[in-house]
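The values are calculated or read from the model by the stated rules, or taken from the named source; none is laboratory data. Given the structure is predicted, the values throughout are model-derived calculations rather than measurements. When we count neighbours, we look across all protein chains shown, and the Cβ atoms used for this are built from the backbone with ideal geometry, even at glycine.
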Amino acid sequence: MSSPQPNFCPICLCANNVTCKNFRTQRDSYGFYCQACGSFEITESAYVSFFENGTSKLTPVQRRCLSHSLCTYRDTYEAIIITTSWIEKFLINCYLPTASIQASNLIRLLGDKVRETGVGHFIDDVIDSVRIGAFNVPMFNNLRLELEKYGLIQPLECDTIPNPRSPGFIKGDRYGLTLKGWERYEAERQGLVAGKYGFIAMKFGDATLDKFISDIIKPVVKESINYDLIDLRDVARAGIIDNIMREKIRDSAFVIADLTHDNYGAYWEAGYAEGLGKPVIYLCEKTKFDNAKTHFDTNHCTTVLWSEGDHELSSAELVATLRRSLNLFPSSKSI
Ligand SMILES: [Zn+2]
């Protein structure tokens, strides 16, 4: 390594007296364990390009986004290695979660902790503000107060449990959800609070299908009902892909599953979405459907048939079906 290992977190810069330790790595990289950002490595070249000389070359929002992402990844991922290309890609879509997503994150955090410990969660505004994606501690505390005012979260009255962060007992520091908060928590878990996107389940690597989805279906869905249509490749990050997929399906407004290749993954994802009560629309290439149908559990479901080079009818049918499923008004463009 050409330069000595820095002794503070290059991402959050150890703001608010967060502690950070270094660790040795097996490669040309620096290892950090930061109380707020979690455990991660930065390759030497990424370090030189983005973090060297004690002053981060990233803006405060970019650094905060990075802290938030690392901190949310750490529950799922074994090792996070920040390379130059990783960070370049990261910075393209680098936004903090909106206030309503931060609110959902805090409700989820409190609900999970109460279920895990049975006794509520001692809010640590330094760490928890990073976890939920707030820009800083004051913004986090504003949101916390707002959620209290809305009757979704509440400080729990109990003096018998010591706050592990502070000597003695701090009354009102331990939080849980109200009944209304629990209803919101449950709705989130079941995916009833849907995002503004659809998820497409399909076989990857088939040139005809890939082209049909990227050149026809995704633009048509965006243009006609203003929903992005994402597949796993759009959100792929290193790590446990199943968890990311479940999360994306849970938060989607609908799922489209292409069954042309009888892909097991696409069937599984459609079934998972059906189980959550999401609208699921099936696609299948017409010749395949005419010859061999799809699995008997799905061949009676709404299936939009498509043919290469003849997309107009299938696109219109898909849009009309989506509009019906999502209770959207019909437009003059759709059937
Ligand atoms: Zn940090």
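Of note:
- Of all the residues in the stretch 272-325, those that are buried (at least 20 other Cβ atoms within 10 Å of the Cβ), small (Gly, Ala, Ser) and more than 18 Å from Asp215 (Cα to Cα) number 1.
- Residues located in the stretch 138-159, provided they are surrounded by 15 or more Cβ atoms within 10 Å (Cβ to Cβ) and among the basic types (Lys, Arg): Arg144
- Criterion: within 11 Å of the ligand (Cβ to nearest atom) and modelled with pLDDT under 85 - qualifying residue of Ser56, Ser3, Ser67: Ser56
- Listed by position, the helices (runs of 4 or more DSSP H) contained in the stretch 85-156 that have at least 3 residues being in contact with a helix residue (DSSP H, G or I) (Cβ under 7 Å, 6 or more places away or on another chain), at negative phi and of a type in the set (S, T, N, Q) are 99-117.
- Some residue of the stretch 95-110 being within 19 Å of Cys37 (Cβ to Cβ) and modelled with pLDDT under 85: yes
- Filter result for Ile123 (within 16 Å of the ligand (Cβ to nearest atom) and surrounded by 15 or more Cβ atoms within 10 Å (Cβ to Cβ)): no
- If you go through the stretch 17-39 and pick out every residue that is outside any strand (DSSP E or B), within 12 Å of the ligand (Cβ to nearest atom) and buried (at least 16 other Cβ atoms within 10 Å of the Cβ), you end up with 4.
- Look at the stretch 8-23: where a residue is in contact (Cβ under 8 Å) with a residue 40 or more places away in the chain and a partner is within 8 Å of the ligand (Cβ to nearest atom) and among the small types (Gly, Ala, Ser), sitting 6+ places away or on another chain with Cβ atoms under 6 Å, you get Ile11/Ser67; Cys12/Ala36; Cys12/Ser67; Val18/Ala36.
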